[in-house]
Amino acid sequence: MLKEFKEFISRGNVIDMAVGVIIGSAFTSIVSSLVKNIINPFIGIFLGQINLSTLSVKVGAASFKYGLFLNAVINFLIVAFVVFLIIKFLNKMNVKTSKTKAPTKSELYLKEIAELLKKDQNKKVD
C-alpha cells in the first residue's frame with residue numbers, strides 16, 4: 001500500500017495539482033489584498049464610504065453585511081478574469097506548438113492510405 005501511495009504521489013499530475021493549489025492560495029491572498037486595499041477604496045470614493053466591508057443593513061436584530069459579500073464578488077471576478085487570461089494564453093501557446101509539430105508516422109501512413117484510396121476510387125470511376 002505504501003508503494004502504491006508513493007507511485008500515486010510521484011505522478012506528474014498530482015504534483016502539478018499540488019503546485020497549482022499552493023499558487024492559487026497565494027494568488028487569492030494577493031487578489032484579496034488588491035480588492036481590500038486598492039479597489040474598495042476607489043469604489044468607496046464614489047459611494048462616499050471608504051470601507052465597503054462595513055456596509056450592512058439591519059432588519060430587527062439581524063445584520064446583513066452585504067459589503068463583505070461585495071468584497072467576495074469582486075475577489076471572485078478578478079480571480080476568474082485572471083484565470084481566463086491564463087487559460088487563453090496557454091491555449092495560444094498550445095496552438096503555436098501544435099502547428100510546429102512534425103506529423104507522426106501514424107499520421108503519415110493514414111495520409112498515404114487516404115491518397116491510395118482516392119486513386120483507387122478514381123480508377124473505378126474512369
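A short reminder: the numbers here are calculations on the coordinates, not readings from a lab. Since this is a predicted model, take the numbers as computed values, not measurements. Methodologically, a virtual Cβ is constructed for each residue, glycine included, from the backbone with ideal geometry; neighbour enumeration extends over all protein chains shown.
Nearest 20 debye, what's the magnitude of the dipole of the chain about its Cα centre given +1 on Lys and Arg Cβ and -1 on Asp and Glu Cβ? Don't skip to the end; give the middle numbers.
Values: 17 positive and 8 negative charges, 44 e Å.
Approximately 220 debye in magnitude.
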222 nm mean residue ellipticity, helices alone, for the chain (DSSP H n ≥ 4; -39,500 (n - 2.57); rounded to 500) = -26000 deg cm²/dmol
ask   = In the chain, with Lys and Arg counted as +1 and Asp and Glu as -1 at Cβ, which of these residues, ASN71, ALA61, LEU117, has the Cα nearest the positive end of the dipole, that is, farthest along it?
value = LEU117
key: the stretch 2-125 - convex hull of alpha carbons, volume per residue in Å³   = 309 Å³
inquiry  = Between the stretch 47-81 and the stretch 102-126, what is the separation of their alpha carbon centroids in Å?
reply    = 64 Å
Pairwise label distance in nanometres, SER32 with VAL83, each label 7 Å out on the Cα-Cβ vector = 1.7 nm
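Mind ordering 75-87, 27-39 by average Cβ neighbours within 10 Å, highest first?
Numbers: 75-87: 12.5, 27-39: 14.1.
Highest to lowest by the protection proxy: 27-39, 75-87.
If I take every Cα pair under 8 Å that is 6 or more residues apart in the chain, average their sequence separation and divide by the length, what percent do I get for the relative contact order?
Values: 52 pairs, mean separation 17.5, N = 126.
Relative contact order, the chain: 14 percent.
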